[in-house]
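Remarks on the structure that follows.
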Amino acid sequence: MTRKLYVLNGPNLNMLGRRQPELYGTTSLDDVRTNCLRVADELGFDLFFEQSNAEYQIVEWLHQAYREKAAVVINPAGLSFGSVPVLDALLILDTPVVEIHITNIHGRDEAHRHSLTSTAARAVIAGAGVFGYELAIRAADRLTAIDGA
């Protein structure tokens, strides 16, 4: 049986590479997807990689991940700081959740400093740029192995 991994991306990440490159770099989300596919394949994951600007869609994908017993890597983006529905959906999961932020949210302005959704994550990676996605997938792999799933 193939292990499932969901990599979910929240609002505005479709603009990655064009939006505030001084903060987020110039790598596009398509480039991130390509690298995630490579790492997931190397580790034996069947990857589901998506982005949405709609909170409800992120929640639906998290419910789907629950049904498929998939580990989750999530960059909730702006939903990190106030989305109770995304937090509640993350808390349903009984598989590892790794939250990733491209920037170091702890070093940013007050509005971007405190992630509500981090409370549901087993691990949080922040400030490693888009390389954080690879780190998050590798963390999900290790946490899945520890859990015996």
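The values are calculated or read from the model by the stated rules, or taken from the named source; none is laboratory data. What you are looking at is a predicted structure, and each value in this text was computed from that prediction instead of being measured. Please note: Cβ atoms are built from the backbone with ideal geometry, for glycine as well, and neighbour counts cover all protein chains shown. When the accessible area is computed, the model is the full protein with side chains, heavy atoms only, and any ligands, DNA or RNA have been set aside. Shrake-Rupley method; radii C 1.70, N 1.55, O 1.52, S 1.80 Å.
Taken one residue at a time, the phi angles of segment 87-92 give Karplus couplings (6.51, -1.76, 1.60, θ = phi - 60°) of 4, 4, 5, 5, 5, 5 Hz. Gly and Pro are set to x. Backbone amide hydrogens, once placed in the peptide plane, bring Lys4 within less than 5 Å of Asp46, Ala71, excluding anything fewer than 5 places away on its chain. When the solvent-accessible area of the chain is split by element, carbon and sulfur atoms take up 52 percent of it, the probe being 1.4 Å. In the chain, the DSSP beta bridges split such that about 0 percent are antiparallel, to the nearest 5.
Could you please state, rounded to a whole Å, how far the C-alpha centre of segment 38-67 is from the C-alpha centre of segment 69-88? Distance between centres, Cα-based: 11 Å. If you sort His63, His106 by accessible surface, 1.4 Å probe, largest first, the order is His106, His63. Available extension along the chain between Glu42 and Asn14 is 7.6 nm, counting 0.36 nm per residue and deducting the alpha carbon span. Based on Cα contacts under 8 Å between residues 6+ apart, the chain shows a relative contact order of 26 percent. All other residues whose Cβ lies under 12 angstrom from that of Asn9 are scored, Lys and Arg at +1 and Asp and Glu at -1, for a net of -2. At an R0 of 30 angstrom, the distance between the Cβ atoms of Asn53 and Thr2 translates into a FRET efficiency of 0.55. Rolling a 1.4 Å probe across the protein heavy atoms gives segment 11-149 an accessible surface of 49 Å² per residue. Close amide H contacts of Ala126 (hydrogens built in the peptide plane, cut-off under 5 Å, sequence separation of 5 or more or a different chain): His101. Once the Cβ-Cβ distance of Glu22 and Asp147 is raised to the sixth power relative to R0 = 30 Å, the FRET efficiency obtained is 0.20.
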